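The values are calculated or read from the model by the stated rules, or taken from the named source; none is laboratory data. If you're wondering where the values come from, they're calculated on a predicted model, not measured in any experiment. Because the Cβ atoms are built from the backbone with ideal geometry, glycine has one as well, and the counts that use them run over all protein chains shown. Note: accessible area is taken over every heavy atom of the protein model, side chains too, but ligands, DNA and RNA are not part of it. Shrake-Rupley method; radii C 1.70, N 1.55, O 1.52, S 1.80 Å.
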Amino acid sequence: MIQYIIRRLMYTIPLLLGVNILTFFLFFVVNTPDDMARMQLGQKHVTEQAVSKWKIDHGYDLPLFINSEKGSFNKITETIFYQKSIKLFVFQFGISDSGRNIGADIKQRMWPSLAVALPSLLIGLLVNILAALLMVLFRQSYLEFWGLVACVVIMSISALFYIIGGQFLFSKLLKLVPISGFGSGVDALKFLILPVVISVVSGLGSGGRWYRALFIEEVEKDYVVTARAKGLSETQVLFRHVLGNAMIPILTGVVVVLPLLFMGSLIMESFFSIPGLGSYTIDAINRQDFAIVRSMVFLGSVLYILGLLLTDICYTLVDPRVKLL
Amino acid sequence: MFSVSCKRWLLLIHCLLLSSCNDAMLNNPYPAKEDKQSILYSSFSERPKHLDPAVSYSSNEYAIIGQIYEPLLQYHYLKRPYQLVPLTAAKMPEITYLIEDQSGVLIKTHVEPEKVRFTDYMIEIKPGIRFQPHPALAKGKDYFYHNLQVEDLIDIATITDFEHSGTREVVAEDYVYQIKRLVHPKIHSPIAELMKEYIVGLKEFSKIGKIQDPIVFRAQNISGVEVIDKYHFRVRIYGKYPQFIFWLSMPFFSPMPWEADVFYGQDGLADKNISLDWFPIGSGAYMLSENNPNRQMVLSKNPYFHLERYPNSGEPGDFESGLLADAGKSLPFIDKVIYVLEKETIPYWNKFLQGYYDASGVASDSFDQAIQFMGDGKAALTPALQEKEIRLQTAVTTSISYLGFNMIDSVVGGRSDQARKLRQAISIIIDYEEYIAIFMNGRGVPAQGLLPPGIFGYEPGAQGLNPYVYDWHDGYHRKSMATAKRLLSEAGFKGGIDPSTQEALVLYLDTAASGPDDRARLNWYRKQFSKLGLQLVIRATDYNRFQQKIRSGNAQLFLWGWNADYPDPENFFFLLYGPHSKIKTGGENAANYQNVVYDRLFEEMRNLANGPARLEKIHQLQEIIRYDAPWVLGFYPKSYSLIHKWYQNLKPNLMANNKLKYTRIDSDYRARQRQLWNRPLWWPMVLLIGVGSILLWPAVVIYRRRKKAVINAR
């Protein structure tokens, strides 16, 4: 397995390089270094001299990919792409175009993102599995039918509606939780209740249906018939046997998103003023801060690859028949 | 068994209902201990880019640094028209004009002659002003933190982690040092190029190269800026530039201790985001005690703030409206200002209604909830807001929105009769009254000239009429469609037909627009042009592309605006001054308008003091612009502010950046009102749980039935 992990980690290098080239290309197709300079320097009294000075100071006065004026290896190294990308591979994100240390900002902002995303994932998982198991328990009854209808309805409504509706109902009308904001330590709890509840409710539709499908597939298998024949109650069959055997697909879905929890949720963070990484990325795109954009895309790619690797490892832990070669 | 369980449920419900009568505000986003403190709560949606006074130039940055840094002059808080008064200067600068005598020797004169070679500003600053406490100024025998090593920074995460802080008196050299910083190659001040044209020796000073060591940099001199003694310095500028005095009221000209650059320039601090751009060091009423642009920024009272008193006089009506109740009292009144990150308008609005923000603007989403128009067309608050004793303040901003013509364009540009009449026809048919009603909820005033209200030279009523677009009959009335059609016909485009193609004349409008709201707005413009049979092609793009088109002269028609830097007519008329042409010099004349007479009048007007002679020049300039129509004069936007009753001493002042020190919060009253408005409601939750339980009952029944069926089957 060690060999497998090393091999997978080696694969990540060309993958990350490709992601970096693509990000770089897409960003500079729509933005020139001049645009970035003007965005940073403001709107009034911006002269050409000021723009060129900014570019020199921030290293955007070099060619993008190839520096034809330089010789040999410098053709590659004396370019914006090389200068701005190479340090990412050792996780040195550098200074943003507006002058802040990106690494320090990421360290600070990943915790609020995680504070919302982790309870949302865990509680959501629990609620989804429970709802799915109940639907399986009451299968072929009108309860299952209406449960499925409710899932479809929940799925059909935009996440934005849940957020605005939730804020209106719980914060404005009932006045039970703050509408938005964030606090440190225990103070953060009151700000997290509503976003977590909304995340769980809005994910219940798709999650409930997905897990129901998994359990329905399991419930028809021979070992379930045997378990019933042994005289186990339906709840024992479902919660002990069916749930255990459906863990592989559940794990696949969960582990792969675990690293991405750090990256935060854009809409949720924006509406609840949670200072996480989701809003950090979007702010950077709006401000045309390439340094932050490439760092966040790079980090997202690394975490996603890590998530896939973790999933593969988890397979071997859950199902001893699976071997990683 | 059942009865015990039932009793427990009843007890729980009882507790919940009781707690609904409790005074705890569960939706309070702030710690309860802050309830009765004199704290102003405001917000920011985007973190400021810069807080260095040499670099900051946008309104959201000024909202913060305006309270921290103190330039030499400030705008009187209450008096109108806007009036500059000394802030850290002991008196208004002494202005001396230097002329050359016949032998070429410079001689001083206090009158304003025609041929001025240089102007000297002799400035005296108040003694005893001190900088806020800051580690850069912490000093024993030597400075504590001017020689930091890597190990010293291990436990430092933010500026407040330094154990010691110090202060010192603000001296003339601090102002001179800041002027030097304006052209430091690493600092990128937006006014560096502009000031090089005016301040004697600044251009030469900027060529000394990148001096990294602040102590060496400090030792360099600008030939036109001289420290006379501890409290006096002199700035010499080329020729006459009366508007220079307005720049002296902006944060660019605040004192900066050289120690700040020494401190922040040390290795390792920037990696922790500890820089002058994020942790200012000023002498103003407030200091930035917490700067977490990812969550909140906090301004606290500067313990070393010098004595400054609330104005004793204002304009008529200020006394009656209570604005002079604090006359002569020591400033500031508010202890702390907390700016909270709030990205969306809906949560902000709801928190304002709950009393958790002290003031709010009026976003379009909430406009109908807040404002209603009375029979006489005046805006008033809706009953719901009146019930909360919220006040509405409106003010016409010192800005203008316009539709510009590129004057070098072959169809709409140039000063031929044909092109001018086409522009005049277009000016008539774009119905900005309708635009303001539809897209701005009435928050604007159609422009009759270049100057908005509040700027010297603005004239209301018939005197300020644009006779080429409006008629005066007890009010402004846009000229008829027939007039526009006649002008179009005289321009050679009868019925909107281009004789060269025998099809509708196609015009191209460039604008920076991308959102769905913009689509309706741009369709409206298309509809206006179609009234004359003209076809308008919209070329909407992002702001960068738009600017690029304007810079290269590739736009034909374009939508843009201007927000005044200072309340002087020069700051508007320069937008059409020939030598400032965008395509030739990259200046602010985006229409590339060239008119020798206009340029001459502008040069004469800008050097005159406000008075009849200047007003006459302004009349002539306005007439030229109205006749030549290089812009369709759009509208002056109006700002609407909603203020809670407990937020006092607030008067719209569109020029002052340091208004917070004058305002006051009645925190006891606010605490009572918040309590009243935010009692939690529990019974709907209890009801919800009850209904949920009832709905679960069929599940229980089915489960029991199935279980019984299985047992029976066995």
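Among residues of the stretch A:1-24 that are touching a residue at least 12 places away in the same chain (Cβ under 8 Å) and among the basic types (Lys, Arg), those with a Cβ under 6 angstrom from a residue that is open to solvent by less than 90 Å² (accessible area, probe 1.4 Å) and in a helix (DSSP H, G or I), sequence gap 6+ or separate chain, pair up as A:Arg8/A:Leu309. Listed by position, the helices (runs of 4 or more DSSP H) inside the stretch B:313-414 whose residues that are open to solvent by 20 Å² or more (accessible area, probe 1.4 Å), out of contact with any strand residue (DSSP E or B) (no Cβ under 9 Å at 6 or more places or on another chain) and away from every other protein chain (no Cβ under 14 Å) number at least 1 are B:367-370, B:383-387. Give me a count of the residues in the stretch B:418-474 that are buried (at least 18 other Cβ atoms within 10 Å of the Cβ), aromatic (Phe, Trp, Tyr) and assigned to a loop (DSSP other than H, G, I, E, B). Count: 2. Any residue in the stretch A:70-82 that is part of a helix (DSSP H, G or I) and under 25 Å from the mean Cα position of the chain (by Cα)? Checked against the condition, which is being part of a helix (DSSP H, G or I) and under 25 Å from the mean Cα position of the chain (by Cα), the stretch A:70-82 yields no hits at all. Selection of the stretch B:665-714 for residues being within 11 Å of chain A (Cβ to nearest Cβ), outside any helix (DSSP H, G or I) and surrounded by 11 or more Cβ atoms within 10 Å (Cβ to Cβ) yields B:Asn678, B:Arg679, B:Pro680, B:Leu681, B:Trp682. Inspect the stretch B:99-113 for any residue being in contact (Cβ under 8 Å) with a residue 40 or more places away in the chain and closer than 27 Å to B:Ile665 by Cβ and give the result as yes or no. Among the residues of the stretch B:99-113, not one is in contact (Cβ under 8 Å) with a residue 40 or more places away in the chain and closer than 27 Å to B:Ile665 by Cβ, which makes the answer no.
Within the stretch B:648-664, restricting attention to residues that are part of a loop (DSSP other than H, G, I, E, B) and under 13 Å from the mean Cα position of the chain (by Cα), the residue that is surrounded by the fewest Cβ atoms within 10 Å (Cβ to Cβ) is B:Pro652.
Filtered by the rule that a residue be open to solvent by 50 Å² or more (accessible area, probe 1.4 Å), touching a helix residue (DSSP H, G or I) at 6+ places or on another chain (Cβ under 8 Å) and part of a helix (DSSP H, G or I), the stretch B:156-172 gives no residues. Scanning the stretch B:117-155 for residues that are of a type in the set (Val, Ile, Thr) and surrounded by fewer than 19 Cβ atoms within 10 Å (Cβ to Cβ) yields B:Val150, B:Ile154. Would you confirm, using the coordinates I've provided, whether A:Arg212 is out of contact with any Pro (no Cβ under 6 Å at 6 or more places or on another chain), closer than 29 Å to A:Leu309 by Cα and of a type in the set (Lys, Arg)? Judged against the criteria, A:Arg212 is a match. Considering the stretch A:95-116, the residues that are assigned to a helix (DSSP H, G or I) and hydrophobic (A, V, I, L, M, F, W, C) include one that is most open to solvent (accessible area, probe 1.4 Å), namely A:Trp111. Right, A:Ser265: open to solvent by less than 10 Å² (accessible area, probe 1.4 Å) and not β-branched (Val, Ile, Thr) or not? No: the conditions fail for A:Ser265.
A:Leu143 passes every criterion in (1) within 10 Å of another protein chain (Cβ to nearest Cβ); (2) in contact with an Asp or Glu (Cβ under 8 Å, 6 or more places away or on another chain); (3) of a type outside the set (Phe, Trp, Tyr); (4) assigned to a helix (DSSP H, G or I) apart from (2).
Evaluation of B:Lys638 against the conditions (1) assigned to a strand (DSSP E or B); (2) charged (D, E, K, R); (3) within 12 Å of chain A (Cβ to nearest Cβ) shows that the sole unmet condition is (3). Which of the residues that make up the stretch B:77-96 are out of contact with any His (no Cβ under 6 Å at 6 or more places or on another chain), under 20 Å from B:Asn312 (Cβ atoms) and open to solvent by 20 Å² or more (accessible area, probe 1.4 Å)? Result: B:Lys79, B:Arg80, B:Pro81, B:Tyr82, B:Leu84, B:Pro86, B:Ala90, B:Lys91, B:Met92.
Only residues that are of a type outside the set (Gly, Ala, Ser), more than 16 Å from B:Ala24 (Cβ to Cβ) and open to solvent by 10 Å² or more (accessible area, probe 1.4 Å) were counted in the stretch A:154-185, giving 12. Taken across the stretch B:692-713, residues that are hydroxyl-bearing (Ser, Thr, Tyr), touching a Phe, Trp or Tyr at 6+ places or on another chain (Cβ under 9 Å) and modelled with pLDDT of 95 or more do not occur at all. One residue alone among B:Arg519, B:Arg526 is open to solvent by 30 Å² or more (accessible area, probe 1.4 Å) and under 30 Å from A:Ala37 (Cα atoms), and that residue is B:Arg519. Part of a helix (DSSP H, G or I) and in contact with a Leu (Cβ under 8 Å, 6 or more places away or on another chain), is that true of A:Arg228? Against the criterion (part of a helix (DSSP H, G or I) and in contact with a Leu (Cβ under 8 Å, 6 or more places away or on another chain)), A:Arg228 does not qualify. A single member of B:Gly284, B:Gly265 is more than 21 Å from B:Thr88 (Cβ to Cβ) and away from chain A (no Cβ under 12 Å), and it is B:Gly265. Scanning the stretch A:292-300 turns up no residue that is among the hydroxyl-bearing types (Ser, Thr, Tyr), at the interface with chain B (Cβ under 10 Å from one of its Cβ atoms) and open to solvent by less than 20 Å² (accessible area, probe 1.4 Å).
Of all residues in the stretch B:532-544, those that are open to solvent by 60 Å² or more (accessible area, probe 1.4 Å) and either at positive phi or of a type outside the set (Phe, Trp, Tyr) (or both) total 3. Please work out which residue is farthest from the other protein chains (Cβ to nearest Cβ), limiting yourself to the stretch A:35-69 and to residues that are in contact (Cβ under 8 Å) with a residue 24 or more places away in the chain and part of a loop (DSSP other than H, G, I, E, B). Ranking the qualifying residues of the stretch A:35-69, first place goes to A:Leu64.
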